[in-house]
Amino acid sequence: YGITASRSSIFSSSGVFVIDANCDVHLLAKYLKGYKRIYSLKVMPLQLIVDNTLEDLANGVLNLMKGFKGTFAIRAVKRGKISAKTIEDHLGAIIAKELGLSVDLRNPDHVIIIEGLGSKAGISVLNPELYLLFTRKKRI
């Protein structure tokens with residue numbers, strides 16, 4: 001598949017292993033569809049890693065979502081000082097105001113992933129199908 005890792009790191013307090021693979025999210029999805037994941041709960045592509053502050057998260061999400069249309073939902077995982085609900089509420093209000101997008105928690109066009117990594121946080125914007133594939137969930 002042409003996926004190679006250039007570096008990796010472990011966030012020991014949270015049980016997260018981060019691999020910098022620098023590959024297309026669709027290529028990774030194609031690979032994972034045929035791979036039985038026994039030793040990992042989920043694999044989440046992170047498009048951007050920023051400091052785990054509301055301001056940096058907001059700036060990162062706004063940069064990734066420039067030009068996006070439609071609806072969105074935010075799914076945050078807390079591994080730091082800020083609660084997932086606080087992140088979701090804060091970013092949701094900013095995206096709605098700044099980009100004019102609407103929130104749709106059940107059937108969004110875009111799912112914004114915030115993965116807390118201690119003092120850092122990873123951000124991804126995925127379509128619902130990829131979100132379900134990577135998280136192994138049955139519904140958004």
Mind counting the residues in the stretch 55-68 that are touching a strand residue (DSSP E or B) at 6+ places or on another chain (Cβ under 9 Å), open to solvent by 30 Å² or more (accessible area, probe 1.4 Å) and of a type in the set (A, V, I, L, M, F, W, C)?
2
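Out of curiosity, is Asn52 of a type in the set (S, T, N, Q), loosely packed, with under 11 Cβ neighbours inside 10 Å and modelled with pLDDT of 70 or more?
Taking the combined requirement at face value, the residue does not satisfy it.
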Please determine, by comparing only the residues of the stretch 103-119 that are under 24 Å from Asp56 (Cβ atoms) and touching a helix residue (DSSP H, G or I) at 6+ places or on another chain (Cβ under 9 Å), which one is most open to solvent (accessible area, probe 1.4 Å).
Val103
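Look through the stretch 69-102, keep the residues that are in a loop (DSSP other than H, G, I, E, B) and surrounded by fewer than 16 Cβ atoms within 10 Å (Cβ to Cβ), and return whichever of them is nearest to the chain's Cα centre (by Cα).
Step one: of the stretch 69-102, the residues in a loop (DSSP other than H, G, I, E, B) are 69-70, 78-83, 100-101.
Now narrow it down to the ones that are surrounded by fewer than 16 Cβ atoms within 10 Å (Cβ to Cβ): 69-70, 81, 83, 100.
Numbers: Lys69: 18, Gly70: 18, Lys81: 18, Ser83: 16, Gly100: 21 Å.
Per the criteria, the residue is Ser83.
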Note down all Cβ pairs under 7 Å where the first residue falls in the stretch 76-100 and is farther than 10 Å from Leu57 by Cβ, the second is of a type in the set (Ser, Thr, Tyr) and open to solvent by less than 60 Å² (accessible area, probe 1.4 Å), and they're at least six residues apart or on different chains.
Arg79/Ser14
Restrict the check to the stretch 112-131 and report whether at least one residue is assigned to a helix (DSSP H, G or I), closer than 24 Å to Val18 by Cα, out of contact with any Pro (no Cβ under 7 Å at 6 or more places or on another chain) and not aromatic (Phe, Trp, Tyr).
yes
I'm trying to understand the selection: among the residues of the stretch 120-129, which are in contact (Cβ under 8 Å) with a residue 24 or more places away in the chain and open to solvent by 60 Å² or more (accessible area, probe 1.4 Å)?
Lys120
Quick one: which of Ile19, Ile38 is within 16 Å of Phe134 (Cα to Cα), β-branched (Val, Ile, Thr), at pLDDT below 95 and part of a loop (DSSP other than H, G, I, E, B)?
Ile38
Odd one out for Thr4 among (1) modelled with pLDDT of 80 or more; (2) over 14 Å from the mean Cα position of the chain (by Cα); (3) part of a loop (DSSP other than H, G, I, E, B)
(1)
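The values are calculated or read from the model by the stated rules, or taken from the named source; none is laboratory data. Keep in mind that this is a model prediction, so the values were computed, not measured. Methodologically, a virtual Cβ is constructed for each residue, glycine included, from the backbone with ideal geometry; neighbour enumeration extends over all protein chains shown. For accessibility, only protein heavy atoms count, side chains too; no ligands or nucleic acids. Shrake-Rupley method; radii C 1.70, N 1.55, O 1.52, S 1.80 Å.
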